[in-house]
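Q: Right, I'll just put the structure down here and ask away after.
Laboratory data are not the source of any read-out in this text; all were calculated from the coordinates shown. Nothing here was measured: the structure is a model prediction, and the numbers come from that model.
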Amino acid sequence: MHIHLPDLSGTVLVYLLVFARVGAMVMLLPNIGEAGIPSRVRLLLAVAIAFCLAPGVASAYHEIAPATSVALVILIAQEVTVGVLIGAMARIIMSALNVAGTLIATQTGLAYAQTLDPTQNTQGASMGNFLSLLGTLMVFLTNLHHLAIGAIAGSYRMLPPGGHLPTGDMAQLTVNLVSGAFALGFQLAAPFLVFGFAVYAGLGILARLMPQLQIFFVAVPINIACGFLIFLAMLGAMMTIFLNFYAAQLAVFL
């Protein structure tokens, strides 16, 4: 198949470049770009978003086709890079729930129970898997998944097509987001860390006072039961903090 660059201009070029940016985002978007989602569904979703978005951002593209194949490849690579940035941002934000779930499971004694995480297609702590699925549900229920589409539209103002990508700023944004997601996961698990320190300190003192007591058999049920009670009490606040962080980070492009 041969592509004639002079014919690749105007509306055709606009839709091609918009699809490159949107397709890269959909490929990495959490819970939509997973391997468990059929590739045809992801492709149709990317095409639908691109067709709806292209008329509004057509003015951001040049009406003249690239003069060479190298220029076309560079332009497509820039669009894909921007889409990967936005999709990776959403995926990094969701990883905060895995961090929090792993810390909570470690403190409550549930880290030994490894289950399949359908959002990541890997094995993980059951508490982390539950928080990931709950976070996904809350994102869709609160319509925050629309922020990803809004971020794509807003990226044409921050990262216009055909210009030089600010790689330094993009790298700094990624580093800040990774550190922020880890800090958020630690913040969500902070009550359980304090609880774990207090329980283990008390059980350590008890073990020294009563060496005959099988402290392990006493500690595990108490640790798990108290951990679930704290989890039920803190779940609403945890999800609220997470959703606010999700909205604040993706709103950078709006």
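Q: Between G23, G180, G204, where does the largest GNM mean-square fluctuation fall for the chain, given springs only between Cα atoms within less than 10 Å?
A: Maximum fluctuation in the GNM of the chain, among the listed residues, is at G204.
Q: So for the chain, averaging the separation of alpha carbon pairs under 8 Å that are six or more residues apart and normalising by length, what relative contact order in percent results?
A: 23 percent
Q: Would the chain count as rounded, prolate or oblate if I go by the C-alpha gyration tensor, calling it rounded below 1.5 in a/c and otherwise prolate when a/b exceeds b/c, oblate otherwise? Could you put the intermediate results ahead of the total?
A: Values: a/c = 3.28, a/b = 2.94, b/c = 1.12.
Prolate, because a/c is 1.5 or more and a/b exceeds b/c.
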